[in-house]
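Visitor: First the structure, then my questions, so here it is.
The values are calculated or read from the model by the stated rules, or taken from the named source; none is laboratory data. Treat the numbers as computed from the prediction; the structure is a model and nothing was measured. Virtual Cβ from ideal backbone geometry, glycine too; neighbours counted across all protein chains shown.
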Amino acid sequence: MEVSFKQVHQQVLQTIERQAKSRTIRAANAIKKASNAVLSNAGGRSGKIYRKPHTSSTYRASAPGESPALRTGHLRASWRPLPISEMAGGGKVYTPGIHTDVPYAPMLEDGTPHIAARPYADQIKQEAWPEVKQIYEQPYF
């Protein structure tokens, strides 16, 4: 049986593309996990204490500059892994990420004229970076 260089080359490219896609999905999941950690109340908050609407329980809000406090959990639960693939330089490039459809997420991150920013994106990136780096540093063969 004769194996040509072209066949081996094609098999190697397919293996690398499968692994790149898999790593992108794993990295996106690591970012999602980091978002859960950052958007939980584990780090504590220093804002005002409010009563939750229609209940007798309370929660501590975030102060300006802190990541958003967990009141309903809707923002934290809304993030979805979003691995992106695009053509570039003659091949596919895979980029990990997360996405939310919550309309107030950008308002919390950037603030508004009436609400001070509660940035969380950079904290999520810092939390996820060690695991994402470890995923991509693994050898392909």
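Visitor: Go through segment 48-91 and report how many residues are under 18 Å from residue 34 (Cα atoms) and among the acidic types (Asp, Glu).
Guide: Adding up the residues that qualify gives 1.
Visitor: May I ask you to verify whether residue 6 is among the basic types (Lys, Arg), free of Cβ contacts under 8 Å to residues at least 12 places away in the same chain, under 22 Å from residue 141 (Cα atoms) and in a helix (DSSP H, G or I)?
Guide: It is true that residue 6 is among the basic types (Lys, Arg), free of Cβ contacts under 8 Å to residues at least 12 places away in the same chain, under 22 Å from residue 141 (Cα atoms) and in a helix (DSSP H, G or I).
Visitor: Among the residues in segment 66-78, are any out of contact with any strand residue (DSSP E or B) (no Cβ under 9 Å at 6 or more places or on another chain) and more than 30 Å from residue 24 (Cβ to Cβ)?
Guide: yes
Visitor: Let me ask something else about it. Determine if segment 36-49 includes at least one residue that is modelled with pLDDT of 90 or more and of a type in the set (Ser, Thr, Tyr).
Guide: Within segment 36-49, not a single residue is modelled with pLDDT of 90 or more and of a type in the set (Ser, Thr, Tyr).
For (1) more than 30 Å from residue 20 (Cα to Cα); (2) among the small types (Gly, Ala, Ser), each residue gets a yes or a no:
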position: 49; (1), (2): yes, no
position: 56; (1), (2): yes, yes
position: 62; (1), (2): yes, yes
position: 66; (1), (2): yes, no
position: 70; (1), (2): yes, no
position: 79; (1), (2): no, no
position: 95; (1), (2): no, no
position: 104; (1), (2): yes, no
position: 118; (1), (2): yes, no
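Visitor: If a residue must be at pLDDT 85 or above, of a type outside the set (A, V, I, L, M), surrounded by fewer than 15 Cβ atoms within 10 Å (Cβ to Cβ) and outside any loop (DSSP other than H, G, I, E, B), how many such residues does segment 80-108 contain?
Guide: 6
Visitor: When you scan segment 54-68, how many residues do you find that are over 15 Å from residue 102 (Cα atoms), crowded, with 17+ Cβ neighbours inside 10 Å and touching a residue at least 24 places away in the same chain (Cβ under 8 Å)?
Guide: Here the count works out to 3.
Visitor: Take the residues of segment 69-79 that are at pLDDT 90 or above and in contact with a helix residue (DSSP H, G or I) (Cβ under 7 Å, 6 or more places away or on another chain): which is surrounded by the most Cβ atoms within 10 Å (Cβ to Cβ)?
Guide: 79
Visitor: Among the candidates 52, 48, 6, 21, single out the residue that is more than 29 Å from the chain's Cα centre (by Cα) and not acidic (Asp, Glu).
Guide: Going through 52, 48, 6, 21 in turn, the sole match is 6.
Visitor: Among (1) more than 30 Å from residue 16 (Cα to Cα); (2) polar (S, T, N, Q); (3) surrounded by fewer than 16 Cβ atoms within 10 Å (Cβ to Cβ), which single condition is residue 134 missing?
Guide: Against the list (1) more than 30 Å from residue 16 (Cα to Cα); (2) polar (S, T, N, Q); (3) surrounded by fewer than 16 Cβ atoms within 10 Å (Cβ to Cβ), residue 134 comes up short only on (1).
Visitor: Could you check segment 21-43 and list, in sequence order, the residues that are outside any helix (DSSP H, G or I) and either surrounded by 12 or more Cβ atoms within 10 Å (Cβ to Cβ) or touching a residue at least 12 places away in the same chain (Cβ under 8 Å) (or both)?
Guide: Hits for segment 21-43 are 39, 40, 41, 43.
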